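Okay, structure first, notes after.
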Amino acid sequence: MVKSTVEEHIAPMTETIKKQEKNAEQRQMIAVQAANHLSLNKIVVENLHRLDDYNAEIGDLYQKIGLLENRLENQEQYSRRTSLRFHNIQVPVGIIGKVIHPVNTDDLILDVCNKKLDLGIQKSDNSRSHVIGKVGNAKSQVIVRFISYRNREKEFSAKKDLKGDPSKIFITENRTTHRTKLVKELADLKYRDSIHAYWTNDGHIYVKKTEVP
């Protein structure tokens, strides 16, 4: 009976101790979780800083790549400054419409320059010429590289005299792929009356948005 009485008094104390031990364990778990949380937060913050650094580095690299691409574009265009493209030049073709090579493009260009433009160009003024691009209705583009920029400019300045030519021959600068795409986009804008005029000179592209009175 004494044992029973003692156990009755001890039981609440034992229960209280167990609860306190459980609470202590829970507090310890919470403390560990809090420490882990702080550690994870620190790692996240460090990674975010690293990510910012990487993004800044990537941004710098993209900027450098853009500058290099721009320099390469300008250099490529500069390498073309002594050449021109003659469009709608009649070339010999076979039954299936393919160009019959070799094509005497030098003489074809001299005919345009001297018979249509009366420029008095000699064959020795041209460094090299050849057919380029697709052929349609036995007509193609011919690219011509001149001995000097002066000769090139002489022919390019006379291109306006081909306006209304029955063969629809015309002359353009030998632009890079990128600049050719820009000119096509400008042609579309002009067709839709979104700009007043555009033109190119020495590979540079100029746009006039509105007509100046």
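The values are calculated or read from the model by the stated rules, or taken from the named source; none is laboratory data. Note that the structure is predicted; figures quoted are calculated from it, not measured. Positions of Cβ are generated from backbone atoms using ideal geometry, with glycine treated the same way; all protein chains shown enter the neighbour counts.
Can you tell me which of THR172, THR176 is in contact with a His (Cβ under 9 Å, 6 or more places away or on another chain), in contact (Cβ under 8 Å) with a residue 24 or more places away in the chain and not small (Gly, Ala, Ser)? Break it down into steps so the answer makes sense when it comes.
Values: THR176 fails: in contact with a His (Cβ under 9 Å, 6 or more places away or on another chain).
The unique qualifying residue is THR172.
Against the numbered list (1) closer than 17 Å to HIS101 by Cα; (2) assigned to a helix (DSSP H, G or I), PHE156 comes up short only at (1).
The residues in segment 158-192 that are more than 26 Å from the chain's Cα centre (by Cα) and loosely packed, with under 10 Cβ neighbours inside 10 Å can be counted, and the count is 3. Do we have ARG150 as under 13 Å from ARG81 (Cβ atoms), in a helix (DSSP H, G or I) and assigned by TED's automatic domain parsing to the domain that holds ASN201 here? The answer is no for ARG150.
Return a yes/no flag: does segment 199-213 have any residue that is part of a strand (DSSP E or B), out of contact with any strand residue (DSSP E or B) (no Cβ under 6 Å at 6 or more places or on another chain) and either among the polar types (S, T, N, Q) or modelled with pLDDT of 95 or more (or both).
Narrowing segment 199-213 to residues part of a strand (DSSP E or B): 199-201, 204-208.
Add one more test, that the residue is out of contact with any strand residue (DSSP E or B) (no Cβ under 6 Å at 6 or more places or on another chain), and what stays is 201, 204-205.
In the following step, the residues that additionally are either among the polar types (S, T, N, Q) or modelled with pLDDT of 95 or more (or both) were identified as 201.
For segment 199-213, residues part of a strand (DSSP E or B), out of contact with any strand residue (DSSP E or B) (no Cβ under 6 Å at 6 or more places or on another chain) and either among the polar types (S, T, N, Q) or modelled with pLDDT of 95 or more (or both): present.
Return a yes/no flag: does segment 183-191 have any residue that is in contact with a Gly (Cβ under 8 Å, 6 or more places away or on another chain), among the charged types (D, E, K, R) and not assigned by TED's automatic domain parsing to the domain that holds GLY94. No - not one qualifying residue is present in segment 183-191.
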